[in-house]
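All remarks here apply to the structure that follows.
Derivation of every value follows stated rules applied to the coordinates shown; laboratory data play no part. What you see is a predicted model; the values in this text were computed from it and never measured. When we count neighbours, we look across all protein chains shown, and the Cβ atoms used for this are built from the backbone with ideal geometry, even at glycine.
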Amino acid sequence: MTESLHKEMLELTRQLQEHNYKYYVLAEPTVSDKEFDEKLKRLEILEAKFPELKDPNSPTQKVGGDLTKNFETFEHKRPMFSLGNTYNKEELVEFDNRVQKNLGSNSYEYIAELKFDGLAISLHYKNGVLQKALTRGDGKKGDDVTKNVQTIRTLNTTLIGDFPTDLEVRGEIFMHKAAFKKLNQKRENNGLSKFANPRNCAAGTIKMQDPKVVAQRPLDIFIYHLVAPETNTHWEGIRMLKTWGLKTSSHSKLCENIDELLSFIAFWDKERHQLSYDIDGIVIKVNEVECQHQLGYTSKFPRWAISYKFESEQAITILQKISYQVGRTGAITPVANLKPVNLLGTTVKRASLHNEDFISSMDVRENDVVKIEKGGEIIPKVVAVVTEDRNEHNTFPFQFIQNCPACGGRLNKKTGEAIHYCTNHFCPPQVKGRIAHFASRNAMDIEGLGNETIELLVDRSLVNNFSDLYNLTFDNLYNLTKEIENEDGTYKKISLKEKSVNNLLRGIEKSKEKPFEKVLYGLGIRYVGETVARKLAIAYKNWENLSRANKEELEQTNEIGNKIAESVVAYFSNKGNLEALKELQQSGLQMTYSSTNNQISKKLENQKIVVSGIFEKYSREEIKKYVRMHGGTIQAGVSSNTNFLLAGNSLGPSKLEKAKKFGVKIVSEEQLINMLDG
Ligand code: IVH
């Protein structure tokens, strides 16, 4: 008996360590907080029963850690504690009973605050100037991420008002949902992997090595705690933070009893979806600092505060079948087809299963009862298998396919990668996907060429590649008909009538005016997103030059790394691709870069401009584009021939000094906008 329990303890320890690592270091958790807490609680119970079996390094003894190798670490002056979690009214009442008992009275108040879903940060100010920003780390020491934190626009790095000489505050860094979506979209366009949710994105961003890249990611912050110097009450502390120019939340509430707390919780459980950022619960804090001292801390948590975690948006259903999707690059994605279930007002029928490793690590099987969750993503994910409800007679370990479900071609999985790829270039979903990408809005923007029309054209063998689009005629297309299967298994007939044929032909013709960088992006070369395509177009001017460039030359190009270089070389070493490009040229597409593309005006013609700092309305890349669109040339450094320095906040001191030295004019973002739009 003890032996099997010991085994369970070891297994729980292993799992919890792995989850901690995934959460804090990789910023890619694979279980919900609730599940994590349940496992931790179970381990705590077993450790209490069998103290002799307890591992001194047990996860129950630790505050999860986000320490990484890449930053200098510093000891926290005062430890950074985590918060205990409650999930229901009963647990909250228990917390209040403990507080009352320990204080020996009920003359205290609570402050209820939103629990922002980001990452904790400790900020040290000296004489009103930000000195150091440390992550929580293991609670005792944290990573010094000051340079990255300094780029957060909503954080005052210089305080105002009557601030104390030495100040330590704590808060949460996060990303707004809209900014997260935009960033992920951009990453997808550039062939990069997407972040799972805003929290992971914020945590991943703050751990980046280049503050310039961090500055381009719109992070935000709420300060929720004045640590030192102390005030009489937490409420008073928050008021002081505001007077020093620090951003605090306006949604905190003073509550006199549990009922008031519960109604605050119920209100935000509903209203949280209206906020522009994610919250995952409510934090409840004893207001009087004297009472906080009296209550003190356990080894991990304050006894004067606790969090109330909202149920994440989960549902339980049956995984009826695992099917596969083939993407335009040939990537195979397994998909869970679910018994339809309601999740936050929408019916969910499918969830992503990511890849073979994900399926085998969860041992998820067809006919299993599964728990699904909606994170920041549109497609929900399977987060757990309810193994207690598994029927051993109709579930079998799942075998990943070896051949492409669409064309039967061989699948290939590179060592070290998780994704299987279909190696057949002519596999129909890949062909369709490539054409859809070529026609998409950010590429050739071909009006009238939606997915259904693409299906029709490919299935009738009228189009096998995007270059074939330019040979289509009215007679080819008129009255073309096909039955297409609906999601529910029924069929609908689509047929191209005169109006849609003309519309499509007009759209195809118009796409010939699209600049070379759009064509290059439309080719769908792996890792060549919009930004890279533009860089390559500028550097190589036309497709022939680019097709002749070898890996070393490509790697010399600004911001082109070896992965992109390899992919470009592989693309142009394929004869079929070269043929298609020749055909595009013969069809009259723009196959040469022209710097006058996208020109709005010549207001900045012959002007050499250096852009530095952080801007309010535009990102630095956007503002550079804006300058180019008005004919200006961007320079990397200030020199005697610079016409002006376009300066944002936190401007680099060396640039400012050089501008002064050479007498270069300094122009603000607002002045530039007035100059160009006026
Ligand atoms: S107070 C000792 N207040 O929740 C007090 N924490 O597990 C500790 N969090 O990562 C923190 N919103 O960063 C506090 N209003 C809030 C919060 C908050 C989010 C985070 C905190 C930490 C986690 C605690």
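Among 363, 138, 259, the order by Cβ neighbours within 10 angstrom, fewest to most, reads 259, 363, 138. For the pair residue 126 and residue 481, label points projected 7 Å from Cα toward Cβ lie 8.2 nm apart. Here the Kirkwood formula puts the hydrodynamic radius of the chain at 29.0 Å, using every distinct Cα pair. The H on the amide N of residue 255, modeled in the peptide plane, is under 5 Å from the matching H of 110, 111, 112, each at least 5 residues off or on a different chain.
Would you work out if the range 570-654 is rounded, prolate or oblate? Take a ≥ b ≥ c from the square roots of the eigenvalues of the alpha-carbon gyration tensor; rounded if a/c is under 1.5, else prolate when a/b is larger than b/c, oblate otherwise. It comes out prolate by the Cα gyration axes. Near residue 331, the amide H atoms lying under 5 Å from its own belong to 422; only residues 5 or more places off or on other chains count, and H is placed 1.01 Å from N.
Across the range 306-318, rounded Karplus estimates of 3J(HN,Hα) from the backbone phi angles (6.51 cos²θ - 1.76 cosθ + 1.60, θ = phi - 60°) give 8, 10, 10, 8, 6, 4, 6, 7, 10, 8, 10, 7, 9 Hz, Gly and Pro being marked x. Taken over the alpha carbons of the range 288-345 as equal point scatterers, the Debye sum produces base-10 log I(q)/I(0) values at 0.19, 0.26, 0.29 Å⁻¹ of -0.83, -1.03, -1.10. What the Cβ-Cβ distance of residue 423 and residue 166 gives, at R0 = 60 Å and to the nearest 0.05, is a FRET efficiency of 0.45. Greater than 26 Å separation of Cα atoms is the criterion. Which listed pairs, 194/432; 510/617; 181/518; 141/300, meet it? Going by Cα-Cα distance, 510/617 fall outside the 26 Å limit. What share of Cα pairs, in percent, lie more than 18 angstrom apart in the range 319-381? Of all Cα-Cα pairs in the range 319-381, 35 percent lie more than 18 Å apart.
The simple spin-label model puts a point 7 Å past each Cα toward its Cβ; for residue 5 and residue 158 those points are separated by 6.3 nm. Report the paramagnetic label zone for residue 573: residues of the range 508-542 whose backbone N is under 17 Å from a point 7 Å from Cα along the Cα-to-Cβ axis. Residues passing the 17 Å test: 525-527. Just to confirm the number: angle between the C-alpha axis of helix 258-271 and the first principal axis of the chain, 0 to 90 degrees, nearest 10? Its long axis makes an angle of about 0 degrees. Isolated cysteines of the chain, defined as having no other cysteine beta carbon under 4.7 Å away, are 201, 255, 291.
If you take the beta carbon distance between residue 387 and residue 325 as r and set R0 to 41 Å, what does 1/(1 + (r/R0)^6) give as a FRET efficiency, to the nearest 0.05? Computed FRET efficiency for residue 387 and residue 325: 0.95.
Taking the fewest neighbouring Cβ atoms within 10 Å as the starting point, the ordered list for 298, 243 is 298, 243.
Projecting label points 7 angstrom from Cα along Cα→Cβ for residue 181 and residue 313 puts them 1.1 nm apart. The range 82-99 and the range 144-166 have Cα centres separated by 34 Å. Of all DSSP bridge pairs formed entirely within the chain, close to 85 percent run antiparallel. One chain, two ends: residue 346 and residue 547. Fully extended at 0.36 nm per residue, the span grows by 67.6 nm beyond their Cα-Cα distance.
A straight chain from residue 42 to residue 442 at 0.36 nm per residue would run longer than the Cα-Cα distance by 138.9 nm. Let me know the shape class of the range 419-541, please: from the alpha-carbon gyration tensor, a ≥ b ≥ c as square roots of the eigenvalues, rounded when a/c is under 1.5, otherwise prolate if a/b is greater than b/c, or oblate. Verdict is oblate for the range 419-541. Under a 5 Å amide H cut-off, with hydrogens placed 1.01 Å from N, residue 592 pairs with 516 among residues at least 5 apart or on other chains. Expressed to the nearest 5 percent, the antiparallel share of DSSP beta bridges inside the range 586-678 is 10 percent.
Taking 0.36 nm per residue of separation and subtracting the current Cα-Cα distance, fully stretching the chain between residue 603 and residue 22 would add 204.1 nm.
Compactness ratio for the range 391-484: Cα radius of gyration over 2.2 N^0.38 Å (N = residue count) comes to 1.43. Take the convex hull of the alpha carbons in the range 499-594; its mean projected area over all directions comes to 6.2 nm². Tell me whether the range 91-226 comes out rounded, prolate or oblate; compute the Cα gyration tensor, take square roots of the eigenvalues as a ≥ b ≥ c, and use a/c under 1.5 as the rounded threshold. Here the range 91-226 falls in the oblate category.
Each residue in 129, 341 was given a count of other beta-carbon atoms within 10 angstrom of its own, and listing them fewest first yields 129, 341. As a quick test, which of the pairs 34/147; 602/624; 242/665; 602/625; 186/492 have an alpha carbon distance above 24 angstrom in this structure? Those over the limit are 34/147; 242/665; 186/492.
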